[in-house]
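Note sheet for the following structure.
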Amino acid sequence: MSSLQVELITIGDELLLGFTIDTNAAHIARTLAASGVEIVRRTTVGDEAAQIAPAVREALDRTGAVITTGGLGPTSDDLTKPAIAKIFGREMKLDEAIATKLEERWRARFPKSRFPATNRTQAEIPEGARVLPNRHGTAPGIWLEDDKGRWVAMMPGVPREMRGMLAEELLPAIKARSKGLGEESVVLSGTLRTTGIAESAIAELLGPNFLGGPDTELGSLPLAYLPGVAGVDLRVTAKGLARARAEQLVAEAMMKLRSRVSAYSYGEDDADLAAVVLEKCRTSGFSLAVAESCTGGMLGERLTSIPGSSDVFLGGVIAYHNDLKRNLLGVRAEDIERHGAVSEEVALQMASGVREKLGAAVGVSVTGIAGPGGGTPEKPVGLIWIAVHASELKARRFHVGGDRAEIRQRAAQAALEMVRRALSNG
């Protein structure tokens with residue numbers, strides 16, 4: 001039993017140049033995988049027809065099923081439709097019904113302005129194509145299929161429009177064409193999120209063939225190591241299996257992984273460490289306050305981005321200047337002079353100071369050298385001191401890598417992990 005295999009082509013110079021992050025591809029892959037549709041290749045090309053046509057033609061030759069995003073707008077760089085229509089030997093024809101709807105929509109939004117003639121190009125459809133209605137924007141999607149059953153589904157590149165069309169039009173069309181595809185097989189993944197341990201250290205901890213020999217059903221599941229600023233995700237995937245069996249195997253694999261790396265794991269799938277910390281505080285009846293130097297409010301932002309955080313998180317102090325560390329948090333001037341602002345002594349006093357100042361049950365502090373300048377051989381760039389004052393007062397030294405932004409992000413994540421561990425250990 002195998003899943004339907006599709007190729008995805010995202011179109012746009014802005015994607016190639018890096019000005020726009022391709023979130024569409026990730027969303028499409030996740031959504032289709034849940035219904036048994038496997039994205040086997042992802043390609044990004046520019047806006048020129050000379051780039052679009054070969055990419056689509058080659059993808060059709062490999063899988064016979066292609067999804068594109070982008071290039072359906074009214075401007076001169078929107079060439080997806082004519083480029084793909086030419087592959088199928090179809091002419092472009094103006095659909096008067098679509099053109100009328102486009103003009104009505106324009107006049108409703110801009111009653112005093114003239115409807116641009118260029119917008120009518122969005123109503124040009126390849127002969128014999130099926131229109132996929134766009135209820136979230138102007139550019140309609142298109143399903144184009146030949147007599148061999150090969151097809152291309154064209155969707156807009158605007159993420160909000162694409163997501164709506166995918167859920168409302170394209171996914172039902174694929175399922176209907178494949179007759180029960182979602183009931184036969186799925187592509188199912190489970191992700192275990194870890195932090196505070198390097199990718200190589202996890203690999204050594206798990207060892208080879210951790211899930212089982214490659215000749216076993218469980219051992220044949222791909223296990224991916226996905227390092228990032230927040231930590232290392234472990235993702236196991238079952239492909240081309242009935243949903244019940246895929247769910248069972250993924251659950252077994254996740255249980256084995258959790259048992260081995262439990263000390264470093266804080267959640268599964270899309271779990272956010274900030275949400276985990278807030279929930280631990282909530283169940284314990286604890287309030288939380290933060291004192292930040294090098295992270296400049298990033299730790300507070302992580303916590304307040306979680307809905308409902310106000311019942312746990314009291315607030316924080318961004319004590320960037322040493323005067324604020326002394327005046328607001330009670331850090332002793334002699335300790336700053338003797339040990340420096342980035343030190344165990346200062347971190348401990350910052351955590352205790354914000355805990356007392358804001359009346360919180362838990363105080364956490366971060367002080368460090370984010371760079372790119374300011375480091376010394378004794379205190380290099382990336383040196384971070386974090387302290388947590390809960391039932392006990394503890395500090396820990398970290399040395400993290402990356403640029404300024406990554407160092408600050410890693411510092412905030414490490415601070416959240418220290419709070420999680422402090423609360424987990426009572």
Cα gyration tensor shape of the range 189-269, rounded if a/c is under 1.5, else prolate or oblate by comparing a/b with b/c: prolate
17 Å Cα-Cα reach of Lys148 towards lysines, excluding residues that sit fewer than 8 places from it in its own chain: Lys86
Label-point gap, in nm, between Thr23 and Ala167 - each point 7 angstrom along Cα→Cβ: 1.4
Cβ-Cβ FRET estimate between Arg282 and Lys101, R0 fixed at 45 Å, reported to 0.05: 0.35
Label-zone membership for the range 34-62, site Leu16, 7 angstrom Cα→C-beta point, backbone N under 18 Å: 42-59
Solvent-free Debye scattering, log10 I(q)/I(0), computed from the Cα coordinates of the range 20-102 at q = 0.11, 0.16, 0.21 Å⁻¹: -0.37, -0.76, -1.12
Hydrodynamic radius by Kirkwood, which averages 1/r over all alpha carbon pairs of the range 201-329, in angstrom: 17.8
Mean Cβ count within 10 Å, highest first, over the residues of peptides 270-278, 109-117, 308-316: 270-278, 308-316, 109-117
Between the range 398-422 and the range 203-239, the alpha-carbon center distance in angstrom: 25
Estimated [θ] at 222 nm from DSSP helical runs (n ≥ 4, -39500 (n - 2.57)) normalised by residues in the chain, nearest 500: -11500 deg cm²/dmol
Of [x] 48; [y] 34; [z] 56, the label for percent of Cα pairs over 31 Å apart derived from the coordinates: [z]
Straight-distance crosslink candidates among lysines, where the alpha carbon sits under 17 Å from Lys81 and sequence neighbours closer than 8 are dropped: Lys93
Extension gain from Ser310 to Ala108, taking 0.36 nm per residue of separation minus the Cα-Cα distance: 68.6 nm
For the range 174-306, accessible area per residue (1.4 Å probe, heavy atoms of protein chains only), Å²: 46
Computed E for Arg421/Ala333 - FRET, C-beta separation, R0 45 angstrom, nearest 0.05: 0.90
Cα gyration tensor, the range 298-426 - rounded (a/c under 1.5), prolate or oblate: oblate
Helix 243-261 vs. the chain, principal-axis angle (Cα, 0 to 90°, nearest 10): 20
Surface share of carbon and sulfur [accessible, 1.4 angstrom probe, percent] for the chain: 51
Segment Ser178-Arg62, length gained on full extension (0.36 nm per residue, minus Cα span): 40.0 nm
Area of Tyr320 that stays accessible when all protein chains are in place (1.4 Å probe, Å², to 10): 130
At R0 = 51 Å, FRET efficiency that the Cβ-Cβ distance of Asp323 and Ser262 yields, to 0.05: 0.75
Proximal lysines relative to Lys112, as straight alpha-carbon distance under 27 Å, when same-chain residues fewer than 8 apart are discounted: Lys101
Shape category assigned to the range 306-345 from the gyration tensor of Cα positions, a/c cut at 1.5: prolate
Principal-axis tilt of helix 96-109 within the chain, Cα atoms, nearest 10 degrees: 40
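The values are calculated or read from the model by the stated rules, or taken from the named source; none is laboratory data. Note that the structure is a prediction, hence the values are computed from the model and not measured. Note: ideal-geometry Cβ built from the backbone for every residue, glycine included; neighbour counts use all protein chains shown. Side chains included, ligands, DNA and RNA excluded: accessible areas come from the protein's heavy atoms. Shrake-Rupley method; radii C 1.70, N 1.55, O 1.52, S 1.80 Å.
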